[in-house]
Amino acid sequence: QQLRRDIAKERVRRTDEPAAAWYLSEWGGWPGTGALGKTASALAEEMRKRGVIPAVHVPSTFSHGMVSPVDGLGSRSLLLFHRTSAGGMDALTLLLHEEVGIKDAWCIYDDGAEVEAQFRRDPMISHAPATVSLGRELVEDALALHQERSKSPPGQFLLFRPQLGSEPRRQAGHSPQATWWCTKTRCPSRTRQPAPASTTTPPGSCPSTA
């Protein structure tokens, strides 16, 4: 195992690929990655000192997205669709949980239209439109939950992370937002003050704006 790590580190030190620097930097900032995360950050910093600027290219263009309300188990689905240059559509699906964070992540390439059709046909699932910006906010909150639990998100999410934009994620001082489980796409204000202690808000609903 250690030999494999040493070989991997040596290969990284020989590459000048901006994408490699980007993935290492991203992974190094994830919660719960331990020693491997620290190694990734150190390698990314080495590449920066060599003049390699972290960058990643997504060969598809964001089209639209959908997000479901929270179900009775505390989970919700976020789907982001990207059009490809060949006319297909990729469908990124994230399963988010109010206590766990990112429970699962997968992407169907080229056949995203069928994924969307199945999602819309399901009479048990309601949904609202979602943007990449909203998706990043939800993922940021989910990663904050992982930080609280000192547990890393699913490793495969790193492969799909560029579909949320190449901008670095916020890391320091972020905590889960109380309103990100609203049934609607977003509450009227995500910066509102907490409700008085005597006021209760049903799970999965937006705080009152009255």
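Only protein heavy atoms count here; under a 1.4 Å probe, SER63 has an accessible surface of about 50 Å². Here the gap between ARG13 and GLU137, fully extended at 0.36 nm per residue and compared with their Cα-Cα distance, gives a gain of 41.3 nm. With every protein chain in place and a 1.4 angstrom probe, the accessible-area ranking of PHE62, PHE119, largest first, reads PHE62, PHE119. Accessible surface computed residue by residue for the stretch 2-95, with neighbouring protein chains in place and a 1.4 Å probe, gives 52 Å² per residue.
Couplings 3J(HN,Hα) for the stretch 29-36, derived from phi with the Karplus relation 6.51 cos²θ - 1.76 cosθ + 1.60 (θ = phi - 60°), are x, 6, x, x, 8, x, 5, 5 Hz, where x marks Gly and Pro. When +1 charges are put on Lys and Arg Cβ atoms and -1 charges on Asp and Glu Cβ atoms, the dipole computed for the stretch 1-129 relative to its Cα centre reaches about 620 debye.
For the stretch 103-117, 3J(HN,Hα) computed residue by residue from phi via the Karplus equation (6.51, -1.76, 1.60; θ = phi - 60°) reads 7, 7, 8, 8, 9, 9, 8, 6, 9, x, 4, 5, 4, 5, 4 Hz, glycine and proline entered as x. When restricted to Cα atoms, the stretch 1-157 yields an Rg and a Dmax of 17.8, 54 Å, respectively. Shown here are the Rg and Dmax of the Cα trace of the stretch 1-88, at 17.8, 50 Å. These residues, GLU45, GLU99, go from largest to smallest accessible area, 1.4 Å probe, as GLU99, GLU45.
Across the stretch 55-114 the C-alpha pair distances fall into 10 Å bins from zero in the proportions 22, 44, 27, 7 percent.
The values are calculated or read from the model by the stated rules, or taken from the named source; none is laboratory data. Predicted model only: the values in this text are computed from it and were never measured. Note that we place each Cβ from the backbone using ideal geometry, even for glycine, and neighbour counts take in every protein chain shown. What goes into the accessible areas is simple: the full protein's heavy atoms, side chains included, and nothing from ligands, DNA or RNA. Shrake-Rupley method; radii C 1.70, N 1.55, O 1.52, S 1.80 Å.
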